[in-house]
Each structure stands twice: as C-alpha cells, then as structure tokens.
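Engineer: Quick one: this structure, given as structure tokens, is what I'll be asking you about.
Any read-out appearing in this document is the output of simple, stated calculations on the displayed coordinates, not a laboratory observation. What you see is a predicted model, and the numbers here were worked out from it, not measured in a lab. Cβ placement follows ideal geometry from the backbone for every residue including glycine, while neighbour counts extend to all protein chains displayed.
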Amino acid sequence: MDILIYGLPAGENRRYMEALLSTECQGRADIERVITAAKAAGYHSFRLASYDGAPPDFVKAINI
C-alpha cells in the first residue's frame, strides 16, 4: 500500500489547491523526509491518504 502526501503551497489556504507531493512513501521515515523537504519549500497543512492499487469504485460514491 502506498502512502500519498498532499500539501498546500505557501500563501494558499484553499483546500482544493492541494498539491500531491509524494506517491511512493512506504513508511514513517519516508513521510518525515517528504514533509521536511516540503516545509523547507514553503508547503503547509499536510494530509496523508493511502492507496492500495485498486481502481476506485464510483458506484459506492454515488448516493442515488
């Protein structure tokens, strides 16, 4: 399972403007390395998500 890291660029507060910073983190050390580098580049408000390689199930996302 991959860990995805998102963050907002400097001066940005709108959540929909998040940038995908990494898709290849496998553990805590990778996460810390990416976040440290992103903070140095001005990113803030980080969010983690996971991806198991399965395609999205859009039928479950739609409530009709």
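Engineer: So what's the net charge close to Asp2: Lys and Arg +1, Asp and Glu -1, counting the other residues with Cβ under 13 Å from its Cβ?
Structural biologist: On the way: positive: none; negative: Glu24, Asp30, Asp52.
Cβ neighbours under 13 Å give a net charge of -3.
Engineer: What is the helix-to-structure angle for 28-40, meaning the angle in degrees between its Cα long axis and the longest Cα principal axis of the chain, kept from 0 to 90 and rounded to the nearest 10?
Structural biologist: The angle comes out at about 60 degrees.
Engineer: Considering just Cα atoms, how many Å³ per residue does the convex hull of the chain enclose?
Structural biologist: Working: hull volume 5.8 nm³, N = 64.
Each residue corresponds to 91 Å³ of Cα convex hull volume.
Engineer: Mind checking the dipole of the chain: about its Cα centre, +1 per Lys or Arg Cβ, -1 per Asp or Glu Cβ, Debye to the nearest 20? Could the numbers behind the result be given before it?
Structural biologist: Working: 7 positive and 8 negative charges, 53 e Å.
In total the dipole reaches around 260 debye.
Engineer: Still on this structure, please answer the following. Only Cα pairs under 8 Å and at least 6 apart count here; give the relative contact order of the chain as a rounded whole percent. Let's see the in-between values first.
Structural biologist: Numbers: 81 pairs, mean separation 27.7, N = 64.
Once divided by the residue count of the chain, the mean separation gives 43 percent.
Engineer: What is the set of long-range amide H partners of Ser22 at a cut-off below 5 Å, with H atoms built 1.01 Å from backbone N?
Structural biologist: Hits under the 5 Å cutoff: Ile5.
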